[in-house]
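Take a look at the structure set out below.
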Amino acid sequence: MARLIYSSITSLDGYIADSRGNFDWAEPDEEVHSFVNDLERPVGTYLYGRRMYEVMAVWETLADPASVLQDFAKLWRAADKVVYSKTLERAATARTRIERTFEPEAVRLLKTQAMRDILIGGPTLAAHAFKAGLVDECHLFVAPVIVGGGTRNLPDDVRLGLELLDERRFYNGMIYLRYRTRP
């Protein structure tokens, strides 16, 4: 069975974007991006809300000469994408389908049928998965910054036990934490 993984970059105070919607402080350097690429090699499907999909869609056509970015773009293009949106008319990227609502049972079925891991991106969509008990792991990259408010990384009304599986410190001050969820 595939794992459903919530992965995000977060500020030390728990936000993925500041109160103005900015997340430029979260841009990974080459060392972190290379590590992310290796983590996402087993991912066969990405689940996104509309906003996260629109941010990530740049990888469809990115032609940056940096090899670490080319590597991620190749991984991203090879994966299936499911976008949950009531407003998006059509997908702007290949291998992408649009679903109007997040259905926990459909995601449970996807987990049993998928041959590769599933990554869920974006805190709003992930909140639905957390509440339904679908998230198997959390991969958090904690950036060395406090932004003081904005879009929360994790839902307020969910309580889960976590088991630390891995951790890593990077030269830029970012810390990676990998947790398995416990019921």
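The values are calculated or read from the model by the stated rules, or taken from the named source; none is laboratory data. Given the structure is predicted, the values throughout are model-derived calculations rather than measurements. Heads up, the Cβs are rebuilt from the backbone with ideal geometry, glycines too, and the neighbour counts pull from every protein chain shown. For the accessible areas, the whole protein counts, side chains as well, though only heavy atoms, and no ligand, DNA or RNA atoms are used. Shrake-Rupley method; radii C 1.70, N 1.55, O 1.52, S 1.80 Å.
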Counted residues, region 93-102 - those being assigned to a loop (DSSP other than H, G, I, E, B) and closer than 27 Å to residue 38 by Cβ: 3
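Does at least one position in region 47-68 carry a residue that is of a type in the set (Ser, Thr, Tyr), under 20 Å from residue 143 (Cβ atoms) and in contact with a helix residue (DSSP H, G or I) (Cβ under 7 Å, 6 or more places away or on another chain)?
no
Each row is one residue, and each column tells you yes or no for (1) under 24 Å from residue 18 (Cβ atoms); (2) among the polar types (S, T, N, Q).
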| position | (1), (2) |
| --- | --- |
| 87 | no, yes |
| 135 | no, no |
| 140 | yes, no |
| 143 | yes, no |
| 156 | yes, no |
| 163 | no, no |
Taking the condition of being polar (S, T, N, Q) and in contact (Cβ under 8 Å) with a residue 40 or more places away in the chain, how many residues in region 23-55 meet it? 1
Residue check for residue 181: at pLDDT 95 or above, part of a strand (DSSP E or B) and open to solvent by 10 Å² or more (accessible area, probe 1.4 Å): yes
Scanning region 1-22 residue by residue, those assigned to a strand (DSSP E or B) and either more than 11 Å from residue 140 (Cα to Cα) or modelled with pLDDT under 95 (or both) turn out to be 4, 15, 17, 18
Which one is farthest from residue 102 (Cα to Cα), of the residues in region 165-178 that are part of a loop (DSSP other than H, G, I, E, B) and in contact (Cβ under 8 Å) with a residue 60 or more places away in the chain? 171
Out of the residues in region 128-137 meeting the condition of being over 12 Å from the mean Cα position of the chain (by Cα) and assigned to a loop (DSSP other than H, G, I, E, B), tell me which one is farthest from residue 1 (Cα to Cα). 132
Of the residues in region 130-159, those that are at negative phi, in contact (Cβ under 8 Å) with a residue 40 or more places away in the chain, of a type outside the set (A, V, I, L, M) and open to solvent by 30 Å² or more (accessible area, probe 1.4 Å) come to 136, 144, 151, 152
Options 19, 34: the member that is open to solvent by 40 Å² or more (accessible area, probe 1.4 Å) and within 19 Å of residue 5 (Cβ to Cβ): 34
For residues in region 38-87 being outside any strand (DSSP E or B), open to solvent by 30 Å² or more (accessible area, probe 1.4 Å) and in contact with a strand residue (DSSP E or B) (Cβ under 6 Å, 6 or more places away or on another chain), which is nearest to residue 28 (Cα to Cα)? 52
Of all the residues that make up region 4-13, how many are small (Gly, Ala, Ser) and open to solvent by less than 20 Å² (accessible area, probe 1.4 Å)? 2
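Among 125, 109, 162, which is the only one that is assigned to a helix (DSSP H, G or I), open to solvent by 40 Å² or more (accessible area, probe 1.4 Å) and over 16 Å from residue 12 (Cα atoms)?
109
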